[in-house]
């Protein structure tokens with residue numbers, strides 16, 4: 001099929017590259033000329049394992065093109081995927097200006113190039129009812145043009161997006177008629193030969209599936225962090241509690257890891273969007289509100305433990321803190337809503353100096369943080385001269401460090417581990433002061 005992706009962000013680029021990989025003719029459209037030039041040369045603007053190799057391969061075989069020319073992108077497209085951003089405003093409502101702008105451009109192209117049956121797909125995560133608004137907006141501007149409308153939410157985990165797209169747990173599509181449903185079954189058939197299902201449903205339910213899924217996963221993260229906080233208060237070990245919980249098949253183990261809370265582009269935005277949708281409809285969304293509040297408090301609570309160790313709120317002035325991990329999760333350079341950035345900002349405000357390291361997110365973090373923190377190219381260099389190490393991202397690089405080298409680099413052998421990477425008994429044996437999440441801290445013998 002001839003497909004067009006509107007937007008070359010995370011969703012649009014991964015979707016376009018993977019569809020091209022199964023033989024489709026894909027054009028990716030974006031207004032950012034510098035990004036398009038880089039993509040034409042096979043340079044990937046985001047870090048995602050496996051993406052750059054597929055990008056280069058599909059450009060070389062002629063199935064993947066990039067353009068800033070809307071006429072070129074829309075003229076021959078059979079299916080147009082809207083993959084633009086929907087950032088949250090201050091109240092948590094999704095900003096739809098990019099989605100609606102794309103709808104206007106599509107309508108203009110339909111007027112210029114009539115006579116062809118097309119399908120417009122909203123793949124961006126949007127509040128329930130948005131896809132039908134897009135349909136009505138295009139119809140109002142191009143009343144004589146026939147087209148179908150659909151919603152096709154993405155379920156891509158950053159760091160595993162290529163695997164998730166090529167071997168999805170499920171594909172969800174919202175349509176208005178059987179003809180459009182059949183089109184999507186043909187389009188996604190190469191990806192579901194593992195036997196996993198394609199769910200064809202109404203558009204409103206399809207939009208809601210994405211929000212319900214992400215809110216539930218966010219709920220699991222906030223829940224396990226609350227349990228971890230109770231464990232700290234009573235001296236229990238969240239690791240052992242988690243094992244006992246997760247043995248129950250009704251509960252399972254996914255997304256039940258204590259830590260600094262969730263970040264990234266999806267969970268924070270989608271949780272707030274559900275709360276905002278509830279407010280608009282007069283439906284209280286108390287659980288989602290509690291999930292969001294718990295997540296924000298988790299970072300504050302962890303930073304308070306750092307302050308307490310050094311003697312109180314004003315004790316960090318003149319101290320140096322090292323941070324390992326800047327991305328919100330491993331295998332990505334995405335720092336949006338990353339716990340590390342929150343903690344670093346608090347440390348700088350408290351008067352501490354900051355040295356930091358991340359295997360791939362240094363540049364994206366620098367764009368957010370500016371020049372105040374020193375971002376190092378080596379994890380041990382980041383620890384040099386620091387009064388404590390703060391671990392914010394569970395990169396594999398950090399799981400088995402040279403502890404002797406680390407202790408020699410630090411002014412004080414002190415670690416605040418926001419991802420529970422190490423065993424408390426082992427850290428005690430190595431003479432580290434070690435603080436983790438939801439596990440008893442064992443003091444050094446004096």
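The values are calculated or read from the model by the stated rules, or taken from the named source; none is laboratory data. Treat the numbers as computed from the prediction; the structure is a model and nothing was measured. Cβ placement follows ideal geometry from the backbone for every residue including glycine, while neighbour counts extend to all protein chains displayed.
Annotations
- Segment 126-145 - residue that is free of Cβ contacts under 8 Å to residues at least 40 places away in the same chain, in a loop (DSSP other than H, G, I, E, B) and touching a helix residue (DSSP H, G or I) at 6+ places or on another chain (Cβ under 9 Å) and, of those, farthest from residue 75 (Cα to Cα): 144
- Selection status of residue 185, more than 30 Å from residue 88 (Cα to Cα), surrounded by fewer than 22 Cβ atoms within 10 Å (Cβ to Cβ) and either within 28 Å of the chain's Cα centre (by Cα) or assigned by TED's automatic domain parsing to the domain that holds residue 272 (or both): yes
- For segment 339-369, filtered to residues that are closer than 28 Å to residue 11 by Cβ and out of contact with any helix residue (DSSP H, G or I) (no Cβ under 8 Å at 6 or more places or on another chain), the residue that is surrounded by the fewest Cβ atoms within 10 Å (Cβ to Cβ) is 367.
- Among the residues of segment 89-103, just one is surrounded by fewer than 13 Cβ atoms within 10 Å (Cβ to Cβ) and in contact with a helix residue (DSSP H, G or I) (Cβ under 8 Å, 6 or more places away or on another chain), namely 91.
- Residues satisfying the stated conditions in segment 2-35, i.e. more than 22 Å from residue 152 (Cβ to Cβ) and surrounded by fewer than 18 Cβ atoms within 10 Å (Cβ to Cβ): 31, 32, 33, 34
- Selection status of residue 119, over 19 Å from the mean Cα position of the chain (by Cα) and either modelled with pLDDT of 95 or more or closer than 24 Å to residue 22 by Cβ (or both): yes
- Complete set of residues in segment 14-43 that are touching a residue at least 24 places away in the same chain (Cβ under 8 Å) and out of contact with any strand residue (DSSP E or B) (no Cβ under 7 Å at 6 or more places or on another chain): 14, 18, 21, 22, 23, 30, 31, 32, 33, 35
A quick yes/no check of all residues on (1) under 19 Å from the mean Cα position of the chain (by Cα); (2) in contact (Cβ under 8 Å) with a residue 60 or more places away in the chain; (3) over 18 Å from residue 418 (Cα atoms):
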| position | (1), (2), (3) |
| --- | --- |
| 297 | no, no, no |
| 308 | no, no, no |
| 337 | yes, yes, no |
| 349 | no, no, yes |
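- Selected residue [touching a helix residue (DSSP H, G or I) at 6+ places or on another chain (Cβ under 9 Å), modelled with pLDDT of 95 or more and within 23 Å of residue 397 (Cα to Cα)] from 321, 316: 321
- Scanning segment 186-217 for residues that are in a helix (DSSP H, G or I) and touching a strand residue (DSSP E or B) at 6+ places or on another chain (Cβ under 6 Å) turns up 188, 203, 206, 207, 209.
- Restricting segment 53-76 to residues that are under 25 Å from the mean Cα position of the chain (by Cα) and over 17 Å from residue 5 (Cβ atoms), the residue that is surrounded by the most Cβ atoms within 10 Å (Cβ to Cβ): 56
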